[in-house]
Amino acid sequence: MNNSCLSKRTKETIRKLIIMKTILKSTLLLLCSVGLFTACSDDNDSNPTLGQPTTFVLNTPAYASLPVNLATSTELPFTWSSPDYGFPVEAEFQLEASIDGNFTVSTEEAEADESVIPNYVILPASFTGGNGTIDAAKLAKAVNAMGNWESEDDIPESVTLTVRASATTKGASKIYSNTVNIQVVPTADIAPAFPEFIYEIGNESGWATAHALRSPNLDGIYTGFYWLDGGFKFKPNENDWNGDWGQDPNGTYGNLVVDGEEDCNDAGKSFPDQAQAAGFFQIKVDLNEMTWAITPITSISIIGGFNDWAGDVEMTYNKENGCWEVTTNEVSGEYKFRANHDWGINWGGTEAELTQDGANLNSDGGTHTYKLYLSYEGKHHVVIE
């Protein structure tokens, strides 16, 4: 009787222990799960996902309703809100301005392709906060490029510009703000549009061959090196005489005019005492000032380390071949070419392209013939045989 009762009690105790063990396991599992979810949540908080916003707000400046005179202003301030990337990040902002509300051809693209006219400019300054400025002088230059006005008379009293901001940050695509309009007064300083080349033509070729003078900076200042013999003129086109320039017979010697002009350097015209005899010359034209000048090149020589940069190996002009030449074994190591035994006009760089004040050339020594061909910057070169 007692053994039977003890057996029942034992069974009941075992059953209760099993139930308690099961409850304990469930409780532990629940606690682990909560800890796991908490850990995941903490991990997400410490490693958030970068969002990709589509835009942000550029604020309309207080001066937007009043024309800003770019000639008397230094900068134009702007403010904007930070894009929502999901959490605070540092972004880089730039400002852009369009003259027609379109952002299709930038001034940078137009500089690379002269056949197109720009309609917007990306201002070079960048900012990391919520505000920035546009440099008034840079904007004025860009407005003139976008306006493409041919003269000061074509410049309007004011221009409406459409401004936007761009934002970039690592891991996200560039986005743009809304646009705001501002009014600006363009500057009247329009740089004339000068071609890269003009041409000399004259008695030295029987008025049959045009020789190119180049303006490397497109600033209206042209230079060339050629043989001259008597009178000559300049013209903007290689193959026709439209708009040619010559000496002003009623002005100072060296002044150019389009109408009523005489041949330059002509002893039989208005300035007989100024005319130069036949020879090789540096020819310069300044279309800003409408002037011309020629400098006689009486000698061209080679100078270098082989003579401690203290002496010259003289070259002779070969009129038939159009080059200065010399055969010599004196040249070795570093050297350059110079005119009139002076450093005011000198050439270095590479054999294929010699430039004013270019780097020293190098010779391996030995006997060589040096043939120096001069015409204009970008085409000067030497052939070594």
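The values are calculated or read from the model by the stated rules, or taken from the named source; none is laboratory data. Remember, predicted model here, so these are calculated numbers, not experimental data. Note that each Cβ is placed from the backbone with ideal geometry, even for glycine, and that neighbours are counted across all protein chains shown.
Quick check on Ser205: is it hydroxyl-bearing (Ser, Thr, Tyr), modelled with pLDDT under 95 and more than 30 Å from Tyr120 (Cβ to Cβ)? In short, no. Does segment 301-308 contain any residue that is assigned to a loop (DSSP other than H, G, I, E, B), modelled with pLDDT of 95 or more and not acidic (Asp, Glu)? No, there is no match, as no residue in segment 301-308 is assigned to a loop (DSSP other than H, G, I, E, B), modelled with pLDDT of 95 or more and not acidic (Asp, Glu). Just one of the listed residues (Glu238, Glu157) is surrounded by fewer than 18 Cβ atoms within 10 Å (Cβ to Cβ) and either assigned by TED's automatic domain parsing to the domain that holds Pro124 or among the aromatic types (Phe, Trp, Tyr) (or both), and it is Glu157. Candidates in segment 269-289 are the residues that are farther than 27 Å from Asn321 by Cβ and in contact (Cβ under 8 Å) with a residue 24 or more places away in the chain; of these, the one that is surrounded by the most Cβ atoms within 10 Å (Cβ to Cβ) is Leu287.
Residues that are aliphatic (A, V, I, L, M) and under 25 Å from the mean Cα position of the chain (by Cα) within segment 160-174 comprise Leu161, Val163, Ala165, Ala167, listed in sequence order. Only a single item in (1) over 15 Å from Thr168 (Cβ atoms); (2) surrounded by 12 or more Cβ atoms within 10 Å (Cβ to Cβ); (3) at pLDDT below 95 is not met by Gly101, and it is number (3).
Report whether or not Tyr335 is closer than 18 Å to Val382 by Cβ, touching a Leu at 6+ places or on another chain (Cβ under 7 Å) and not β-branched (Val, Ile, Thr). Yes. Picking from residues in segment 108-130 that are among the aliphatic types (A, V, I, L, M) and in contact with a Leu (Cβ under 9 Å, 6 or more places away or on another chain), the one that is surrounded by the fewest Cβ atoms within 10 Å (Cβ to Cβ) is Ala125. On the stretch given as segment 346-366, residues that are out of contact with any Phe, Trp or Tyr (no Cβ under 9 Å at 6 or more places or on another chain) and under 18 Å from Thr328 (Cβ atoms) total 3. Scanning segment 66-117 for residues that are touching a helix residue (DSSP H, G or I) at 6+ places or on another chain (Cβ under 7 Å) and hydroxyl-bearing (Ser, Thr, Tyr) yields Ser73, Thr74, Thr107. Going by the conditions given, is Phe232 surrounded by 19 or more Cβ atoms within 10 Å (Cβ to Cβ), modelled with pLDDT of 95 or more, touching a strand residue (DSSP E or B) at 6+ places or on another chain (Cβ under 6 Å) and not β-branched (Val, Ile, Thr)? When the stated conditions are applied, Phe232 passes them. Each residue in segment 290-321 was checked for being closer than 30 Å to Leu218 by Cβ and surrounded by fewer than 14 Cβ atoms within 10 Å (Cβ to Cβ), and 1 of them qualify.
None of Glu204, Glu200 is surrounded by 19 or more Cβ atoms within 10 Å (Cβ to Cβ) and not in a strand (DSSP E or B) except Glu204.
For (1) in contact (Cβ under 8 Å) with a residue 24 or more places away in the chain; (2) in contact with a His (Cβ under 6 Å, 6 or more places away or on another chain); (3) assigned to a loop (DSSP other than H, G, I, E, B), each residue gets a yes or a no:
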residue: Lys174; (1), (2), (3): no, no, no
residue: Ile182; (1), (2), (3): yes, no, no
residue: Pro216; (1), (2), (3): yes, no, yes
residue: Asn242; (1), (2), (3): no, no, yes
residue: Asp259; (1), (2), (3): no, no, yes
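Filtered by the rule that a residue be within 28 Å of the chain's Cα centre (by Cα) and loosely packed, with under 14 Cβ neighbours inside 10 Å, segment 354-377 gives Asp357, Ala359, Asn360.
For segment 118-132, state whether one or more residues are assigned to a loop (DSSP other than H, G, I, E, B) and under 20 Å from Val68 (Cα atoms). Yes, there is a match, as at least one residue in segment 118-132 is assigned to a loop (DSSP other than H, G, I, E, B) and under 20 Å from Val68 (Cα atoms). Might you let me know whether segment 81-90 holds any residue that is surrounded by fewer than 14 Cβ atoms within 10 Å (Cβ to Cβ) and within 23 Å of the chain's Cα centre (by Cα)? No, there is no match, as no residue in segment 81-90 is surrounded by fewer than 14 Cβ atoms within 10 Å (Cβ to Cβ) and within 23 Å of the chain's Cα centre (by Cα).
Can you confirm whether segment 142-153 contains a residue that is crowded, with 17+ Cβ neighbours inside 10 Å and in contact (Cβ under 8 Å) with a residue 60 or more places away in the chain? Within segment 142-153 (the criterion being crowded, with 17+ Cβ neighbours inside 10 Å and in contact (Cβ under 8 Å) with a residue 60 or more places away in the chain), the answer is yes, since at least one residue qualifies.
Taking segment 307-363 as the range and being charged (D, E, K, R) and touching a residue at least 60 places away in the same chain (Cβ under 8 Å) as the test, only Lys319 passes.
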